[in-house]
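Only one structure is covered here, and it is reproduced in the block below.
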Amino acid sequence: MNSKPSCSPEGKALRMTELTAGQPKCLLPIANVPMIWYPLQILERSGFKEAIVVVSELAKSEVSTTLDRLGLKIKMEIVGIPGTEDLGTADSIRLIHEKIYNIQISW
């Protein structure tokens, strides 16, 4: 496929503060796998070759390391969004607009 989907899994998880105190929300385990694996795995199975993963700059290193260990074949570009405020999907896309040429949003 020629499309490059954007996956914006990061958020403050205000209703899950006890669970996310030590790790990014997208790395919370579901059936022993970080929840970010599920949308990326679906994109991979659907034929996508690459995806942009948008996370906070503070979580970028940890998310990147975790994704490297998951064994996904899809090429992922991890983009860190600076700042501590909780941005929505539209703001996240606005901040990475130069990386987008044909987008399909998945969350």
> For region 39-60, does any single residue satisfy the condition of being under 13 Å from the mean Cα position of the chain (by Cα), of a type outside the set (A, V, I, L, M) and over 21 Å from Ile100 (Cα atoms)?
Replying inline: no
> Leu19 passes all but one of (1) assigned to a helix (DSSP H, G or I); (2) modelled with pLDDT under 60; (3) surrounded by 15 or more Cβ atoms within 10 Å (Cβ to Cβ); which number fails?
Replying inline: (3)
>> I'd like to check something: does region 66-78 contain any residue that is of a type in the set (Lys, Arg) and closer than 21 Å to His97 by Cβ?
In response: yes
> List pairs: first in region 54-79 and in contact (Cβ under 8 Å) with a residue 60 or more places away in the chain, second of a type in the set (Gly, Ala, Ser), Cβ under 6 Å, 6+ apart or cross-chain?
Replying inline: none
>> Condition first: under 19 Å from Asp91 (Cβ atoms), hydrophobic (A, V, I, L, M, F, W, C) and buried (at least 20 other Cβ atoms within 10 Å of the Cβ). Now tell me which residues in region 53-77 satisfy that.
In response: Val53, Val54, Val55, Ala59, Val63
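The values are calculated or read from the model by the stated rules, or taken from the named source; none is laboratory data. Just so it is clear, the model here is predicted, and its values are computed rather than measured. Cβ atoms come from the backbone with ideal geometry, glycine included; neighbour counts cover every protein chain shown.
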